[in-house]
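Let me begin by presenting the structure, written as structure tokens, before commenting on it.
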Amino acid sequence: MHAGPSPFLAACRREPVSRVPVWFMRQAGRALPEYRALRGTGSILDAIGRPELAAEIMLQPVRRYGVDAAVLFSDIVVPVASLGIGVAIVPGRGPVVAEPFRCAADLARLRPFEPEVDAPYVAETVKILVRELDVPLIGFAGAPFTVASYLVEGGPSRDFGRTKALMHNEPAVWAHLVDKLADVALASLRSQVAAGAAAVQLFDSWAGALTRGEYRRFALPATEKILDGLAALDVPRIHFGVGTGEILDLMAAPGVDVVGVDWRVPLDAARARVGPRPALQGNLDPAVCLAGFPAAAGEARRVLAEAGGAPGHIFNLGHGVLPETDPSVLERIVELVHDEGRAGTGGAVEGDSRSEP
Ligand code: CP3
């Protein structure tokens, strides 16, 4: 597989590293002209279903940016889409479900997910990649709350009204739904790890819509089932959501090795909220990358300073790369983090006063 120790995996375990590792959520995708050229106009689900193509898409950002990890080219709705419940990914919008889940009878539509039968192309993609990569591959799944929100709303939502109606009015149906989705995610992640993924990330992207009480009652138990189900595999488990500052301590559940932090919470404040155990991943504002390199560099240096040079920081954006991003800005951010981040020395971060060449 990959040659030499991986700074990414070491940082996940809060071990000292020679340089701060960096990767970007959504690093493969529309910000890259070579992605647009390769992908054409078909559905992204078709591209995901073609292992050679998906593997090539995944390698593009590793080559161009020099990041310390690759992330599987797939989508959080791929497992449920493969079960035949009618999910499409609409460009510019996101996952859309033709017949949304609204009642107990809909639960029967969610049969058990068998990765090797229902979506064999995912493990195939992982295997191709692991052969070609010299950095670790991060597998991923959608957390039950976030995937359920697409199934119940029928598409992206701002206020999650139908989702909250179901959880509050039919708590037993909701619990059954997220428990089934936990089994789906767990089967998917286990198969990705068996195929060679060296770490996994659980995306609960929209968990920030919940109160602490709702998160604890309606989201966390199913998520913990996944985290605990992965414990024996001994791969780092990363847990990420957007707008989750108020539930960050809850997201740092015992089974979590790395907590992803969005750009709203400075990493020193995040550290105070989650305690000393988990590593932290984040948290440059993806929108500031649109402001050009000098502005992004200033913010990247602030992120490094707030991480404090202690072991256990994985540099990333606070959410995914925006399609309008100039790839050269991300390229230079990787260089900056590698040159100036010094996690593990315990000392201050160099470079705050360094002037731009
Ligand atoms: O480098 C990578 O991270 C690529 C792999 C990846 C994709 N989706 C491919 C994709 C990952 C990790 C995801 C996860 C995902 N999908 C999440 C969690 C991460 C997050 O951003 O919070 C969510 C919420 C989804 C659902 C989804 N799929 C959305 C909201 C969209 C965007 C719709 C749009 O067009 O703006 C998608 C589509 C999608 N998934 C694209 C990519 C590269 C873009 C569409 C395309 O290229 O055709």
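Yes or no, residue by residue, for (1) under 20 Å from the mean Cα position of the chain (by Cα); (2) within 11 Å of the ligand (Cβ to nearest atom); (3) modelled with pLDDT under 95:
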position: Ile89; (1), (2), (3): yes, yes, no
position: Gly92; (1), (2), (3): yes, yes, yes
position: Pro100; (1), (2), (3): no, no, no
position: Leu107; (1), (2), (3): no, no, no
position: Arg111; (1), (2), (3): no, no, no
position: Glu114; (1), (2), (3): no, no, no
position: Val126; (1), (2), (3): yes, no, no
position: Leu129; (1), (2), (3): yes, no, no
position: Phe140; (1), (2), (3): yes, yes, no
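Quick grid of which residues meet (1) within 14 Å of the ligand (Cβ to nearest atom); (2) open to solvent by 40 Å² or more (accessible area, probe 1.4 Å); (3) under 18 Å from Gly208 (Cβ atoms); (4) among the acidic types (Asp, Glu):
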site	(1), (2), (3), (4)
Leu267	no, no, yes, no
Leu290	no, yes, no, no
Ala296	no, no, no, no
Ala305	no, yes, no, no
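Say we look at the stretch 108-118 and pick out the residues that are surrounded by fewer than 14 Cβ atoms within 10 Å (Cβ to Cβ) and among the hydrophobic types (A, V, I, L, M, F, W, C); which of these is nearest to Gly49 (Cα to Cα)?
Selected residue: Val117.
Filter the stretch 244-265 for residues that are open to solvent by 30 Å² or more (accessible area, probe 1.4 Å) and either among the hydrophobic types (A, V, I, L, M, F, W, C) or closer than 17 Å to Arg216 by Cβ (or both) and give the result.
Here is the first cut: in the stretch 244-265, the ones open to solvent by 30 Å² or more (accessible area, probe 1.4 Å) are 246, 249, 254, 257, 263-264.
Glu246, Asp249, Pro254, Trp263 - these are the residues of the stretch 244-265 that are open to solvent by 30 Å² or more (accessible area, probe 1.4 Å) and either among the hydrophobic types (A, V, I, L, M, F, W, C) or closer than 17 Å to Arg216 by Cβ (or both).
Can you find a residue that is crowded, with 23+ Cβ neighbours inside 10 Å and out of contact with any strand residue (DSSP E or B) (no Cβ under 6 Å at 6 or more places or on another chain) anywhere in the stretch 86-94?
Among the residues of the stretch 86-94, not one is crowded, with 23+ Cβ neighbours inside 10 Å and out of contact with any strand residue (DSSP E or B) (no Cβ under 6 Å at 6 or more places or on another chain), which makes the answer no.
Considering only residues that are within 16 Å of the ligand (Cβ to nearest atom) and in contact with a Gly (Cβ under 7 Å, 6 or more places away or on another chain), which ones fall in the stretch 207-245?
Ala207, Gly208, Arg237, Ile238, His239, Phe240, Gly241, Val242, Gly243, Thr244 - these are the residues of the stretch 207-245 that are within 16 Å of the ligand (Cβ to nearest atom) and in contact with a Gly (Cβ under 7 Å, 6 or more places away or on another chain).
For (1) surrounded by fewer than 21 Cβ atoms within 10 Å (Cβ to Cβ); (2) at pLDDT 95 or above, each residue gets a yes or a no:
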{"site": "Glu15", "(1), (2)": "yes, yes"}
{"site": "Pro21", "(1), (2)": "no, yes"}
{"site": "Met25", "(1), (2)": "no, yes"}
{"site": "Gly40", "(1), (2)": "yes, no"}
{"site": "Ile48", "(1), (2)": "no, yes"}
{"site": "Pro51", "(1), (2)": "yes, yes"}
{"site": "Ala54", "(1), (2)": "no, yes"}
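Residue by residue through the stretch 65-85, note down the ones that are within 16 Å of the ligand (Cβ to nearest atom) and either surrounded by fewer than 15 Cβ atoms within 10 Å (Cβ to Cβ) or charged (D, E, K, R) (or both).
Gly66, Asp68, Asp75
Given the stretch 109-159, what helices (runs of 4 or more DSSP H) lie entirely inside it while holding 2 or more residues that are in contact with a Leu (Cβ under 7 Å, 6 or more places away or on another chain)?
By residue number, 120-132, 144-153.
The values are calculated or read from the model by the stated rules, or taken from the named source; none is laboratory data. No experiment lies behind these values; they were computed from the predicted model shown. Cβ coordinates were reconstructed from backbone atoms using ideal geometry, including for glycine residues, and neighbour counts include every protein chain displayed. Side chains included, ligands, DNA and RNA excluded: accessible areas come from the protein's heavy atoms. Shrake-Rupley method; radii C 1.70, N 1.55, O 1.52, S 1.80 Å.
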